[in-house]
Amino acid sequence: YAHRILQQLSDARRSGKEPRLGPDAKSQVTVQYRSGRAVGVSQIVVSHQHVEENLTSDGMREIVEPLFVKRGVNVVFTGHEHFYERIKPQKGIYYFISGSGGKLRRGDVKEGSPLTEKAYDRDMSFMLIEVNGSQLHFQVISRTGETVDAGVLVHQRKNGKNSAASGT
């Protein structure tokens, strides 16, 4: 499975369809097994090199979102930007940017963006994630211990539909 993802990214780069992707990429797929048979995929991790220095998270999402939709991905975590942002579901996918653990860019969140569900760029923060069955619990905590954002996503992808999230 991981090889197929990389092959699709490579094909897009080589064909010229997506020239912003660089040649170095990695993928990891966690497959769920029952009685020795593959029954599903629980996690997909993709890292990439991009050749365009000013490529934003929005630009990267445009590149990979069709693959996420096709493969039934429900949640995406990225750290490319140096702030925290939870984006309203796009095509049934929840996007989290958690990049303010080591370096912070104050004032870099797009104020008033219709895509932003919650954002924080006033201080460094980190994210706790726990998956329990079909629930993904998340909590974002600032350097001073303040809860910046928290909630639960419920995985119910059937027939191309997703469930709603609850968050603060």
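The values are calculated or read from the model by the stated rules, or taken from the named source; none is laboratory data. Just so it is clear, the model here is predicted, and its values are computed rather than measured. Quick reminder, even Gly has a Cβ in these numbers, built from the backbone with ideal geometry, and neighbours come from all protein chains shown. Please note that ligands, DNA and RNA were not included when accessible areas were found on the heavy atoms of the full protein model with its side chains. Shrake-Rupley method; radii C 1.70, N 1.55, O 1.52, S 1.80 Å.
What are the residues whose amide H is under 5 Å from the amide H of Val76, where those residues sit 5 or more places off or on another chain and H is modelled from the backbone?
Long-range HN contacts for Val76: Tyr94, Tyr95, Phe96.
Enumerate the aspartates and glutamates that Lys88 could reach by cross-link, defined here as Cα to Cα under 13 Å, with residues fewer than 8 away along the same chain left out.
Asp58, Glu117
With a Förster radius of 22 Å, plug the Cβ-Cβ distance of Arg71 and Val152 into 1/(1 + (r/R0)^6) and report the FRET value to the nearest 0.05.
0.45
Computed FRET efficiency, Cβ-Cβ of Lys26 and Arg105, R0 25 Å: what is it to the nearest 0.05?
That gives a FRET efficiency of 0.45.
So what are the ³J(HN,Hα) numbers for the range 114-129, from phi and the Karplus equation (6.51, -1.76, 1.60; θ = phi - 60°), rounded to whole Hz, Gly and Pro as x?
Result, rounded to whole Hz: x, 7, 7, 8, 8, 9, 8, 9, 8, 7, 5, 8, 9, 10, 9, 9.
To the nearest 10 Å², what's Phe83's accessible area with a 1.4 Å probe?
Roll a 1.4 Å probe over it and Phe83 shows about 10 Å².
So between Lys17 and Asp123, what do we pick up on full extension, going 0.36 nm a residue minus the alpha carbon distance?
Separation in residues times 0.36 nm, less the Cα-Cα distance, equals 34.3 nm.
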